[in-house]
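> Structure incoming, see below.
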Amino acid sequence: MKIQFSATTHVKSSHKEPMKPANLFMCLVMLFLATTGCRGYAFVETPTTDGFHSKLPAPYTRAVVWGGRPDTVQSASTWLLKKGILVVDQTKVLQTAADQKVSLSGYQYLETDVLRMAKLVGARLVVFSNAEVGSWEALDWSAGFPHSQRVYSATIALRAVDVNTGEIEWSGKAQSTERFSNIEEGISLLTCHALATAWGMRNPGALAAENICPPGSGLMSIEGTRSQAAPAASSKETLTPSMNN
């Protein structure tokens, strides 16, 4: 949005009157609008990604998706299920860990314990997910008038580890390039792009075909999936109560 304004000044003498507070406020508002522009945060832009794979799982491979944010775990599980991978519920792994008197909650769990418990439930892979999410209060001018809303930026990283050898078979990472307001859709799309890059379905970088991860593609609910008591580790959210673009 372009902002244009004009003013007519009548000079009566060489003495300049100090700017009135109201005029100063309006100038500051106009300066803010000129520097920030009119923008909204409704859409998630194509993220920047990186990733690789040494081998990809065969259909019906059993895998556990492990991470601290249930939305990331859900999005990754949905994506893998659509690719023919059999995803074992985290709660089954947690129950097995409890039976073995192994702690997998909090910030102190060992990835080797997760791999060992996943092997006990018959999984061949553990997909470790890490999500770093930042959030801010920002002004949105997309509707023609300012209103405050919560916006986010995020980085999603996933890697698949063989429970028998400890080898990383594939890894993908996606980072948002713009802030967005729909956290559910944002996490879903970032997870999709990270996995698509890891599997070689899109090239690393900031460009991708629109049909790789269409909006809403990762929001499918899985029938019969129970609420997961996910561990709090490998997840970070930073709240900054300030005004940001």
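Values in this text are rule-based calculations from the coordinates and carry no lab data. Note that the structure is predicted; figures quoted are calculated from it, not measured. Neighbour counts run over all protein chains shown; Cβ positions are idealised from the backbone, glycine included.
> Using amide H atoms built in the peptide plane, which far-off residues or other-chain residues are under 5 Å from Val64 H to H?
The list, which skips near neighbours in sequence, is Val88, Leu125, Val126, Val127.
> Of Lys92/Lys173; Lys101/Lys173; Lys55/Lys83, which sit over 25 Å apart, Cα to Cα?
Lys92/Lys173; Lys101/Lys173, as the Cα separations exceed 25 Å there.
> Which net charge results for the neighbourhood of Val64, defined as the other residues with beta-carbon distances under 9 angstrom from its beta-carbon, given Lys and Arg at +1 and Asp and Glu at -1?
+1
> What are the residues whose amide H is under 5 Å from the amide H of Arg202, where those residues sit 5 or more places off or on another chain and H is modelled from the backbone?
Here the answer is Thr197, since their amide H atoms fall under 5 Å of that of Arg202.
> To continue, here is another question. Can you compute the modelled spin-label distance between Leu207 and His53, with each label point 7 Å from Cα toward Cβ, in nm?
Result: 2.2 nm between the two label points.
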